[in-house]
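K.L.:
There's a structure below that I have some questions on.
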Amino acid sequence: MLLLASGNSLFAQSNIVFGTVTDKDNQPMEYVSVSLLNSAKPTGTVTDKYGKYNLKIPTNGNVTIRFSFTGYESQDFSFAAEGNTSKELNCKMLPSSQTLDAVTVREERSRETSFTPVKIDKLDELVGPVKTVESLIKTLADVSSNNEMSSQYSVRGGSFDENLVYINDVEIYRPFLVRSGQQEGLSIINPDMVSNILFSPGGFDAKYGDKMSSVLDITYRRPVDKLAGQVSISMLGGSAHIESAVNDRFTVTLGFRRHSNKYILKSLDTEGAYTSAYTDFQTILNYDINKKTSLSFLGIYSKNRYGIVPETQTTNFGNFFESMQLRVYFDGQEIDQYRTLLGAVTLDYRPTDKLSFKWITSAYNNNESEVYDVQGQYWLYELNVGSAIGENELFDRGVGTYLEHARNFLTTNVANTEIKGSYLASRGRWDFGAKAQYEGISDRIREWMLIDSADYTIPNTPDIPGDSTNQPHSPMLQNFARSQNDLNNGRLSAYVQRSWDFRIGENKLSLLAGVRGQYWSYNDEFFASPRLSLNYKPNWKHDMLFRLAGGMYNQSPFYREYRRPDGSLNPDIKSQKSYQVSGTLDWNLRLWDKPFKFTADIYYKYITDLIPYQIDNLRIRYMANNDAVGYATGISLRLNGEFVEGIESWASLSLMQTQEKLFDNETQTWGGWQARPTDQRLSFKLFFQDYLPSLPWWQMSLNFVYGTGFPFTKPFQTDFSTTHRLPSYFRVDWGNAVHLKRIAKLKNAKWLQKIDDVVISVDVFNLFNYKNVVSYLWVADYDNKYYGVPNYLTARQINAKLTVIF
């Protein structure tokens, strides 16, 4: 109340001009310069991420306000100031015809950071079975993934749990019990509501949280029109969102999504009755209390249910010398449910043009359940391809049964309050903040797996080293876990950073230095993470910028990292510590008389107190001990621009190696270097768009992904050696979109006048029907020889979609 009272008092004593700056698509523009001209004391400010600004002006006389931004035409507005009054002045910036627009306008400012801005219109043009923000991020350099049905990704050799995700400055958490892409549904980010996307693969600022790999910073749109929205329906579900600037102070945005993977799951080898339903509702409300204070609320509810009553599975695998077939007949079912609730309130206060504060309070609740009893009776055959086409002879190689059981329930509660501030200082800016967080965990695990093959689980005497009793042993359960854990923890964190801008002759130099610290009550640990970045832009004929970044990136565990495979907890767990350095070349250039951007990154990360883990599909099993060290090093190249005039495409190439070595507590010695589970040595991605000049209403897009295989471990391995790798991942998705309002004969149709566009899309998923392997099912033959039966991802399918934009 004191803040609000002082804000009203200050506002009453000054003459202020305020408003919102947008681009030609009515999207808010950040960092637009707003200057007061023809004044004895020229002053100015910049817009925030919502495009808003406040500027003090004289109490009388003629006033001229200038809006300017690189790549846009400057705009001047003149008016007469009268007494202690306020005036609203909104501005729509138009691209300059005399200035080369490199890729996006926001990118000009972001060149000086480790963040890559991503155009939000690419979300509509991306093709794939799951159209999310993360699907677009996967097309960037340094990002690895081998599952098109999942929103999870690895960055520069890190695990899925090393990535920070924010929506409107609120940190988002991912479900813990998800084991496969079939279960996941959609990510929590609603792409229809997004206005700004920033992604950093490393070397990010101290103001971002304590994770070792990446940051995905999402800003939801603030409406500027009286009414706007979008409705979509496809063979995979539908979505709708509506937004409105109700008045000058209050705006509201509502979003709804319904998604089902049932159509996609029909292409898998396992046949049965699938149930897949993801539903979410999101809203964001904004209210300007006065010209200096605003309040916003973000609310999210999502529910995902996945179920299957499996019936049969037939999978052919092997090679030319040994071709095999597995037939499985199932009993039982699986039902998984995930429910998420998120509420966040943000108070923005700008007492002066240079000083701003933001107070964020949020609460997060996630309930997950994983219930299944599935029995599979399998027959393993060797195939002898006959001389006649289509004739196969089957030779019996094994028969057995496997039984999987789980009753897993997890509830996660996170509540926090945070205050952040910034101050525009001489030649730079101060950023600072502090956060207090509560974490409550309730986890119940009951899980095991039994494999029964001939002469395997019946009482027998296996060859166990050191066992001379020659007595029968009981059957062994795989992946056995049983525990009940209830925890309440607290975290305190804070950060401060300072940026400086310099000029050395005609050359530009900028420096950013900061430090953040965190205390965690579970292990009574405190750590500090200093970070530094330097940017140099020489005054050369070619528009190049060089960036060097380094620092310490500590990651404190969040429950799953300190839960052992059997469900017990490690009370002595410590934070993982990553020491990173990276160098970047950012070059704006012209090719074929068109604007392009080329970026090259080289990086090295050394990690101590590393917690080893194994990955099976999407499930991560941590060993819950800080008994390893590791490193990741690589280089990435990216070229993006208008290969075809008016629409943007890009290609990226990444080379990376990440390895670790483990400490043997029995021998008190270090092992040798071995590949980590996320060691994808090579990846190439191409996102390409095209259209025919004679048919501008028909737009095509191609999403090409190739990546070498990830390492994996076999069952009953006594070590973590990862000498085996999955096959390479290869996938091409082809999209076709017809924009009805671009068709000359329909452009002036009466029924389309109140609609911005109608888009009809037909997409082909997995165009070449390539069988990608995500994991293996291990079965034994009569001689107890194990065979890895591949679990294939989705096959070729066609999807149709209708979108109405208004």
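K.L.:
State the Kirkwood hydrodynamic radius of region 286-340 in Å, one decimal place, computed from all pairs of distinct Cα atoms. Kindly include the intermediate steps, with their values, before the conclusion.
P.N.:
Values: mean 1/r = 0.0593 Å⁻¹.
Result for region 286-340 stands at 16.9 Å.
K.L.:
Give the ranking of TYR603, TYR691 by solvent-accessible surface, highest area first, calculated with a 1.4 Å probe.
P.N.:
Per-residue accessible area, sorted high to low, gives TYR691, TYR603.
K.L.:
Could you order MET623, MET149 by accessible surface area, starting with the largest, using a probe radius of 1.4 Å?
P.N.:
MET623, MET149
K.L.:
Let me ask something additional. Using packing as a proxy for protection, rank 290-296, 744-750 so that the peptide with the highest average count of other Cβ atoms within 10 Å comes first. Intermediate values should be presented prior to the final figure.
P.N.:
Numbers: 290-296: 19.7, 744-750: 9.7.
In decreasing order of mean packing, 290-296, 744-750 become 290-296, 744-750.
K.L.:
Roughly how much of HIS739 is accessible, in Å² to the nearest 10, using a 1.4 Å probe?
P.N.:
Spelled out: HIS739, probe radius 1.4 Å, area about 30 Å².
K.L.:
Something else about it: For LYS262, go through the lysines and keep the ones whose alpha-carbon is under 27 Å away, minus same-chain ones fewer than eight residues off.
P.N.:
LYS122, LYS131, LYS138, LYS303, LYS771, LYS801
K.L.:
Taking R0 as 45 Å, what's the FRET efficiency between ALA415 and ALA273 from their Cβ-Cβ distance, rounded to 0.05?
P.N.:
The value I calculate is 0.70.
K.L.:
Counting only residues 5 or more places away or on other chains, whose amide H sits under 5 Å from the amide H of ASN554 once H atoms are built in the peptide plane?
P.N.:
SER578
K.L.:
Right, next: Determine the relative contact order of the chain: mean sequence separation of Cα pairs under 8 Å and six or more apart, normalised by residue count, in whole percent.
P.N.:
9
K.L.:
Jot down the per residue volume, in cubic angstrom and as a whole number, of the convex hull over the alpha-carbon atoms of region 336-427. Numbers along the way, then the final one.
P.N.:
Details: hull volume 24.0 nm³, N = 92.
Dividing the Cα hull volume of region 336-427 by its residues yields 261 Å³.
K.L.:
Translational diffusion coefficient, Stokes-Einstein: compute it for the chain using the Kirkwood radius over C-alpha pairs as Rh, at 4 °C and 1.567 mPa s, and state it as an integer in µm² s⁻¹.
P.N.:
45
K.L.:
How big is the convex hull of the Cα atoms of region 643-734, per residue, in Å³?
P.N.:
107
K.L.:
Could I ask something else about it? Give the accessible area for TRP448 in Å² (nearest 10); use a 1.4 Å probe, count only protein heavy atoms, and leave out ligands, DNA and RNA.
P.N.:
70
K.L.:
Can you tell which of VAL143, LEU662, SER200 lies farthest toward the positive end of the dipole of the chain, using +1 and -1 charges on the Cβ of basic and acidic side chains (Lys, Arg; Asp, Glu)?
P.N.:
SER200
K.L.:
Suppose R0 equals 22 Å; then what is the FRET efficiency for ASN485 and SER521 from their Cβ-Cβ distance, rounded to the nearest 0.05?
P.N.:
Values: r = 16 Å, r/R0 = 0.73.
Working from the Cβ atoms, E equals 0.85.
K.L.:
Quick one: dipole size for the chain, taken about the Cα centre, charges +1 on Lys/Arg Cβ and -1 on Asp/Glu Cβ, in debye to the nearest 20.
P.N.:
It comes to approximately 3200 debye.
K.L.:
Considering just Cα atoms, how many Å³ per residue does the convex hull of region 561-704 enclose? Don't skip to the answer; put the middle values down first.
P.N.:
On the way: hull volume 21.6 nm³, N = 144.
Taking the convex hull of the Cα positions in region 561-704, it is 150 Å³ per residue.
K.L.:
Placing +1 at every Lys and Arg Cβ and -1 at every Asp and Glu Cβ, with all other atoms neutral, what dipole size does region 335-446 have around its Cα centre, in debye to the nearest 20?
P.N.:
Using only the charged Cβ atoms, the result is roughly 1200 debye.
K.L.:
Sticking with this structure for a sec: Which value in nm describes the separation of the simple spin-label points at ASP593 and TYR606, placed 7 Å from the Cα toward the beta carbon?
P.N.:
Output for this residue pair reads 5.2 nm.
K.L.:
What distance in nm separates the two pseudo spin-label positions at ILE504 and ARG327, each 7 Å out from Cα along the beta-carbon direction?
P.N.:
According to this spin-label approximation, the distance is 7.4 nm.
K.L.:
If you don't mind, there's one more thing I want to ask. With a 1.4 Å probe and all protein chains in place, put VAL46, VAL758 in order of accessible area, largest first.
P.N.:
From most exposed to least exposed: VAL46, VAL758.
K.L.:
If you put +1 on each Lys and Arg Cβ and -1 on each Asp and Glu Cβ, how big is the dipole of region 503-564 around its Cα centre, in Debye rounded to 20?
P.N.:
Value, rounded to 20: 220 debye.
K.L.:
Which angle between 0 and 90 degrees, to the nearest 10, do you get for helix 2-13 versus the longest principal axis of the chain when only C-alpha atoms count?
P.N.:
30
K.L.:
Something else about it: Over the chain, with every protein chain in place, what whole percent of the accessible area is carbon and sulfur at 1.4 Å, could you tell me?
P.N.:
56
K.L.:
Send over a whole-number figure in Å² for the accessible area per residue of the chain, probe 1.4 Å.
P.N.:
In whole numbers, the chain has 43 Å² accessible per residue.
K.L.:
Sorting check: for 406-415, 483-492, 703-712, which peptide has the highest mean count of neighbouring beta carbons within 10 Å, and how do the rest follow?
P.N.:
Going from most to least packed, we get 703-712, 406-415, 483-492.
K.L.:
Can you pull the accessible area of ARG796 for me, 1.4 Å probe, Å² to the nearest 10?
P.N.:
Number for this one is 120 Å².
K.L.:
So, one more: Calculate the length of the line joining the C-alpha centroid of region 486-501 to that of region 130-188, in whole Å.
P.N.:
23
K.L.:
Turning to a different aspect of this structure: Could you check the spin-label model distance between LYS747 and ARG258? Points 7 Å from the Cα along Cα→Cβ, value in nm.
P.N.:
3.7
K.L.:
Once the dipole of region 295-442 is set up with Lys and Arg at +1 and Asp and Glu at -1 on Cβ about the Cα centre, which of ALA363, VAL328, GLN313 lies farthest towards its positive end?
P.N.:
Checking the options against the dipole of region 295-442, the answer is ALA363.
K.L.:
For the ranges 781-788, 141-148, what's the packing order if you count other beta-carbon atoms within 10 Å of each residue, average per peptide, and put the highest first?
P.N.:
The packing order, highest mean first, is 141-148, 781-788.
The values are calculated or read from the model by the stated rules, or taken from the named source; none is laboratory data. Remember, predicted model here, so these are calculated numbers, not experimental data. As a convention, Cβ positions derive from the backbone with ideal geometry for all residues, glycine included, and neighbour counts pool all protein chains shown. Ligands, DNA and RNA are stripped out before the accessible areas are found, and what is left, the full protein with its side chains, is counted by its heavy atoms. Shrake-Rupley method; radii C 1.70, N 1.55, O 1.52, S 1.80 Å.
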